[in-house]
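Chemist: Have a look at the structure that comes next, please.
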Amino acid sequence: MNIYLILLLIGLIANISLGTYIIGLNPGSWLNRLYALVSMSLIIWTVGDIIFLLASSSTIAMLGDKVSTTGAFITCLFLLNFFIVFTKVRASFPKIFVFLYPLIILFISLELTTNLFVSSVSLTPNGYTILPGILYGLDIAVIALYIIIGLVLSFRFYTRLSSHKERYQALLLIIAVSIPLAFGLITELLPVVIEKNLVPQTSMMTTITAIIVAYTIAKYNLMAITPAMAVNNIIKTMADYLVVIDTNKTVVLVDDSLQEALGKDKTELVGKNLDDLPLSLEGLFERLEAAEFVNNFDAEMQDKDSSTIPISVNVSTMRDKKNEPIGYVLVMRNIKDTKTLIKSLEEDKKTIESSNKELEQMNKLMVGRELKMIELKNEIKELKKVN
């Protein structure tokens, strides 16, 4: 069996195994999902390389090239997504993903429906080699651009980390992903430059990725349980209502409990102004201006049944590194049952106080009667003495 084919198969198995393992660690994590998608895309890229390598005709070779290039486009797209989430750029620019897909979708469509990137293939003593189309090089430039953006984001993130452990994790991840992609791009571009067929190295080099990432995961629990995952789990399971807003009072986060209480989906709440929500918070932010946080502020909320619910609000200010306010966190608790209990206790207190008053009056009457009886008895005694 061809040694290159064996290496390609090793890369294929490595990507399948690593992608399955990572997504199995925490299927709910965006980071894990995106890494699994990167692995899946590399699998498509590898399959295309295998088809091209084993092609018995120019038609099959062209098919392999189209599959391989499509896999490369998808890989760079998901890889940049991965870097954006990993470096937390997504939190600052949540709509950034909207701008990532159209260009790649366009290039994939052109690749699958035209021969603008690769016009044809020719058979050489070393196997099939591609003949550039009129747009050849533009596809590689786009792939390189996406990868370079991702690596720049990662490097900037790496330089800003203060923890040695986190810096080491980030550096390992950058190296792990860069190695196979760098070799892959080189072996895609060089055949045209030197007019000699080269076996694509991307899939082979992913074995190095597998080793580095597996080491990072085993030693540092990368992409396992993270503080962000713990916070997300707390938010999902907390009974209190949570709202996070920016300084313009635009809602940026709500928890499941509030969505359930209001009968609204997250998409109907995020992006709205806090004043547009069915909450009565008059005076809350005026009090917050004089303090860093406010506790137990009495307010009201209209639930999905249009019922008025009394709530207790705790609000605190979020600040950046320059101590400038960047938003507010509101934690609200439904105190309807508490209010009902207090009202019941107050009514019981009034009943008890009323009963005590009646007892006091009866006691006064009884005491007065006893005193009168004693007074009458004394008068009788006095009369008897006179007689």
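The values are calculated or read from the model by the stated rules, or taken from the named source; none is laboratory data. All of these numbers come straight from a predicted model, not from anything done at the bench. Ideal geometry is used to build each Cβ from the backbone, glycine not excepted, and the neighbour counts take in all protein chains shown.
Chemist: Across the range 287-318, what is the number of residues that are among the acidic types (D, E) and either under 17 Å from T247 (Cβ atoms) or not assigned by TED's automatic domain parsing to the domain that holds V251 (or both)? Outline the logic, then answer.
Modeler: Kept after step one, since they are among the acidic types (D, E), are these residues of the range 287-318: 289, 292, 298, 300, 303, 305.
Add one more test, that the residue is either under 17 Å from T247 (Cβ atoms) or not assigned by TED's automatic domain parsing to the domain that holds V251 (or both), and what stays is 289, 292.
The qualifying residues number 2.
Chemist: Here's a follow-up. Which one of these is in the same structural domain as E292 (by TED's automatic domain parsing) and either more than 19 Å from V251 (Cβ to Cβ) or in contact with a Ser or Thr (Cβ under 8 Å, 6 or more places away or on another chain) (or both): K357, K321? Spell out how you get there, then give the answer.
Modeler: Working: K357 fails: in the same structural domain as E292 (by TED's automatic domain parsing).
Step by step, each of K357, K321 is checked, and only K321 is in the same structural domain as E292 (by TED's automatic domain parsing) and either more than 19 Å from V251 (Cβ to Cβ) or in contact with a Ser or Thr (Cβ under 8 Å, 6 or more places away or on another chain) (or both).
Chemist: Also, I was wondering about something else. Whether any residue in the range 206-224 is of a type outside the set (K, R), at pLDDT below 65 and in contact with a Pro (Cβ under 9 Å, 6 or more places away or on another chain) is what I want to check.
Modeler: Checking the range 206-224: at least one residue is of a type outside the set (K, R), at pLDDT below 65 and in contact with a Pro (Cβ under 9 Å, 6 or more places away or on another chain).
Chemist: If you don't mind, there's one more thing I want to ask. Determine the pairs where a residue that is not assigned by TED's automatic domain parsing to the domain that holds F107, located within the range 119-137, has a partner that is of a type in the set (S, T, Y) and surrounded by 14 or more Cβ atoms within 10 Å (Cβ to Cβ) with Cβ atoms under 9 Å apart, the partner being 6 or more residues away or on another chain.
Modeler: Short answer, once both residue conditions are applied: none.
Chemist: Moving to a separate point now. Cβ-Cβ distance below 6 Å, separation of 6 or more or different chains: which pairs start in the range 332-347 with a residue that is at pLDDT below 85 and end on one that is among the β-branched types (V, I, T) and surrounded by 15 or more Cβ atoms within 10 Å (Cβ to Cβ)?
Modeler: Matching pairs, first to second residue: K336/I309.
Chemist: Could you check the range 1-93 for helices (runs of 4 or more DSSP H) lying wholly inside it with 2 or more residues that are modelled with pLDDT of 85 or more and not assigned by TED's automatic domain parsing to the domain that holds V152?
Modeler: On the way: elements: 3-25, 30-54, 58-86, 89-92.
Helices (runs of 4 or more DSSP H) meeting the threshold: none at all.
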